[in-house]
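For reference, the structure is listed below as structure tokens.
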Amino acid sequence: MKKEIIGVFKATNGTRRKHLVYISQEISVNRQKVITGARKTFHLDSFDGEEVRSTVDPDIFLRADGTTLKKTGRITENGT
């Protein structure tokens with residue numbers, strides 16, 4: 001499986017604390033190098049940080065403890 005960052009955006013949990021959410025894409029390939037699956041994931045504050053889940057609202061994300069994060073900035077490609 002190959003994993004790469006495809007973007008990053010700013011988010012907040014409603015307090016003054018700011019977070020970065022990294023968007024990554026995981027690609028699975030078989031022995032013939034044919035893509036067999038792809039999945040987009042969101043990670044908090046680092047490439048390997050806590051995974052957060054998207055919701056029906058594209059600006060709201062859910063942490064494992066049930067708290068929400070709100071997207072506050074635009075997506076920047078490749079984390080730059």
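The values are calculated or read from the model by the stated rules, or taken from the named source; none is laboratory data. Just so it is clear, the model here is predicted, and its values are computed rather than measured. Quick reminder, even Gly has a Cβ in these numbers, built from the backbone with ideal geometry, and neighbours come from all protein chains shown. In case anyone asks, the SASA skips ligands and DNA or RNA and just uses the protein heavy atoms, side chains included. Shrake-Rupley method; radii C 1.70, N 1.55, O 1.52, S 1.80 Å.
Every residue in the range 56-68 that is open to solvent by less than 80 Å² (accessible area, probe 1.4 Å), in contact (Cβ under 8 Å) with a residue 12 or more places away in the chain, more than 14 Å from residue 9 (Cα to Cα) and in a loop (DSSP other than H, G, I, E, B), please.
Matches in the range 56-68: 63, 67.
Which one of these is open to solvent by less than 100 Å² (accessible area, probe 1.4 Å), without any contact (Cβ under 8 Å) to a residue 12 or more places away in the chain, farther than 20 Å from residue 75 by Cα and outside any strand (DSSP E or B): 15, 36?
Within the list 15, 36, the selection yields 15.
For residue 77, state whether it is among the acidic types (Asp, Glu), surrounded by fewer than 13 Cβ atoms within 10 Å (Cβ to Cβ), touching a strand residue (DSSP E or B) at 6+ places or on another chain (Cβ under 9 Å) and under 25 Å from residue 2 (Cα atoms).
Yes; evaluated as a whole, the condition is true for this residue.
Take the residues in the range 39-55 that are farther than 18 Å from residue 14 by Cβ, part of a loop (DSSP other than H, G, I, E, B) and not acidic (Asp, Glu), then tell me which one is least open to solvent (accessible area, probe 1.4 Å).
Per the criteria, the residue is 49.
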